[in-house]
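A.B. asks: Once you've had a glance at the structure underneath, I'll fire off some questions.
The values are calculated or read from the model by the stated rules, or taken from the named source; none is laboratory data. This one's a predicted model, so the numbers in the text were calculated from it and none came from an experiment. Every residue, glycine among them, receives a Cβ derived from its backbone with ideal geometry; neighbour counts consider all protein chains shown. What goes into the accessible areas is simple: the full protein's heavy atoms, side chains included, and nothing from ligands, DNA or RNA. Shrake-Rupley method; radii C 1.70, N 1.55, O 1.52, S 1.80 Å.
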Amino acid sequence: MNLSVLETLVRVAWLAGAATFVIGLMRMNSPATARNGNLLSAGGMVLAVAATAVFLAFEPRDTELNVTGWFIVIAGIALGGGLGLYMARTVKMTAMPQLVSLFNAVGGGAAALIAIDDYLRLTAAPSLQINVATVLDILIGSITFTGSLIASGKLMGLRITPSRPVTIPGGQLVTAALALIVVAGAIYLWIPNLSIPVMLLILAAALVFGVTMTLPIGGADMPVVISLLNSFTGTAVAMAGFVLDNPVLIIAGALVGASGAILTKLMADAMNRSVLNIMIGGFGGGEGTVGAAGGPGGSVRELGVDDAAIQLAYASSVIVVPGYGLAVAQAQHAVRELAELLETRGVDVKYAIHPVAGRMPGHMNVLLAEANVPYPQLKEMEEINPEFDRTDVALVVGANDVTNPAARRPGSPVSGMPILDVDHAKSIIVIKRSMGRGYAGIDNELYVNPKTGMLFADAKAGLSDLVSAVKAL
């Protein structure tokens, strides 16, 4: 086949793949179409990779892959694809945020390696366009790599990366020094100069910066951090596209970078804080952190399963508020079963989804969709909050910080964060294993509200007991 014809066909395939990325991303805007959107985007990537493989097989250039090169490429695809498939199919829903962070790290690291390899092959300073893209790729990809690893470790609760904020001695000075090194090194390379030691210095500074940026951030801010690092990954991939002159990487990376940045802004707005404020120092204290809300005192009223079942069965409307505790207990199927049982009794059931509930953006939506909860029942915070005033029972399952009324008054670590107005419901049932604090490290004032009854149980076991009790009525 004529090379010009082959190249044209390959570029058309790349364009088609890029179009599927755009359409797939649009379909991910709704839980009802998100799964198909994800599959469509994956299909576009398969098309782009296949077209690239065909082009590499027939292009008559010195860079044409030999047998060894093809073996490495195929082995890499098989190993990486197989490992990714295994991890995605076996990961528990509670560990999905950690997996997303690890994938962010892999994406950022791979993008940085592309630029590093390209730079090491240079014999003279490249054009300013390539030079800028190369340095930014190394910088952003390296920050994403180490930052995502730290974020994943925080979500796992590893001893070396605890979920609480970790203050680094002289952290601000260290960060300022790293930024100065990166800026000075980048300017030196852009003049232009070709210097591998300076490039490696920028690489080292960026890797350390990813650690110093993420360690001081608390666990409650992890959804925002994951979204931000996802945006970094996309930006790094786009820069890699400029380095390789590959339009598919540029388009795909730009889409991921832009969508991640928009989502980060939305998540930060949902917490009524700026992204800069979150990065400088999050309010999340980590699970088990000692703290106090400093609000009104009161006693906790414990509720039995039968009493809770009567309240739910004879209510006109129930709003379920899912949180990380539901995910930990793998109770999404149990809560769906309870909701369906209540609906057969004529109860109107809805789900209140806080933007930062769980440990990653959309965590609750993904969890409940996996249990086949009807999409129309999933209500975002702005839509569901006005309905609490006319709701008979609010059933809180594992949600803590996002329901804490302490956020409405100054002086609390969560002050100003928009919350679900659970305390406005006529009656409140909270399923919780203990009185332990959430990631913000403070007591939840909702638990001492006279309208609140605490059902102390594992979420899955508690919901299963409620199902049995409602059936017995």
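A.B. asks: Across segment 394-419, which residue is least open to solvent (accessible area, probe 1.4 Å) among those that are assigned to a strand (DSSP E or B) and among the small types (Gly, Ala, Ser)? Outline the logic, then answer.
C.D. replies: Residues of segment 394-419 assigned to a strand (DSSP E or B): 394-398.
Within this subset, residues satisfying the condition of being among the small types (Gly, Ala, Ser) are 394, 398.
On the way: Ala394: 0, Gly398: 24 Å².
For segment 394-419, the residue satisfying everything is Ala394.
A.B. asks: Condition test on Val335, is it under 19 Å from Gly453 (Cβ atoms), modelled with pLDDT of 90 or more and open to solvent by less than 10 Å² (accessible area, probe 1.4 Å)?
C.D. replies: Working: under 19 Å from Gly453 (Cβ atoms): yes; modelled with pLDDT of 90 or more: yes; open to solvent by less than 10 Å² (accessible area, probe 1.4 Å): yes.
So Val335 passes the test.
A.B. asks: Within the set of pairs 6 or more residues apart or between chains, which connect a residue that is closer than 18 Å to Asn38 by Cβ inside segment 70-92 to a residue that is surrounded by 12 or more Cβ atoms within 10 Å (Cβ to Cβ) and of a type in the set (S, T, N, Q) with Cβ atoms less than 9 Å apart?
C.D. replies: If the second residue must be surrounded by 12 or more Cβ atoms within 10 Å (Cβ to Cβ) and of a type in the set (S, T, N, Q), the pairs left are Val91/Gln98.
A.B. asks: Then there's this: Determine which member of the set Gly84, Gly80, Gly76 is surrounded by fewer than 12 Cβ atoms within 10 Å (Cβ to Cβ) and either under 18 Å from Asp245 (Cα atoms) or at pLDDT 85 or above (or both).
C.D. replies: Exactly one residue qualifies, and that residue is Gly76.
A.B. asks: Ok, one more. I'm trying to understand the selection: among the residues of segment 119-159, which are surrounded by 21 or more Cβ atoms within 10 Å (Cβ to Cβ) and of a type in the set (D, E, K, R)?
C.D. replies: The answer is Asp137, Lys154.
A.B. asks: Is it true that Asp221 is closer than 30 Å to Pro97 by Cβ, of a type in the set (Asp, Glu) and modelled with pLDDT under 85? Please lay out each step first, then the result.
C.D. replies: Values: closer than 30 Å to Pro97 by Cβ: yes; of a type in the set (Asp, Glu): yes; modelled with pLDDT under 85: yes.
Yes, satisfied.
A.B. asks: Among all residue pairs at least 6 apart or on different chains, which show Cβ distances below 8 Å where the first residue, located in segment 257-275, is surrounded by 14 or more Cβ atoms within 10 Å (Cβ to Cβ) and at pLDDT below 80 and the second is among the small types (Gly, Ala, Ser) and not in a loop (DSSP other than H, G, I, E, B)?
C.D. replies: Met267/Ser227; Val275/Ala268
A.B. asks: Here is a further query. Name the single residue that is modelled with the lowest pLDDT among those in segment 42-73 being under 24 Å from Ile23 (Cβ atoms), among the β-branched types (Val, Ile, Thr) and open to solvent by 60 Å² or more (accessible area, probe 1.4 Å).
C.D. replies: Only one residue fits best here, namely Val54.
A.B. asks: Further question on the same structure: Quick test for you: out of Phe388, Phe456, pick the one residue that is in contact with a helix residue (DSSP H, G or I) (Cβ under 9 Å, 6 or more places away or on another chain) and open to solvent by 50 Å² or more (accessible area, probe 1.4 Å).
C.D. replies: On inspection, the qualifying residue turns out to be Phe456.
A.B. asks: Another one. Within segment 420-432, can you find the residues that are over 10 Å from Phe388 (Cα atoms) and surrounded by 24 or more Cβ atoms within 10 Å (Cβ to Cβ)?
C.D. replies: Ile428, Ile429, Val430, Ile431
A.B. asks: I would also like to ask the following. Out of Arg345, Arg359, report the one residue that is open to solvent by 10 Å² or more (accessible area, probe 1.4 Å), modelled with pLDDT of 85 or more and among the basic types (Lys, Arg). Break it down into steps so the answer makes sense when it comes.
C.D. replies: On the way: Arg359 fails: modelled with pLDDT of 85 or more.
Arg345 is the lone residue from the list that is open to solvent by 10 Å² or more (accessible area, probe 1.4 Å), modelled with pLDDT of 85 or more and among the basic types (Lys, Arg).
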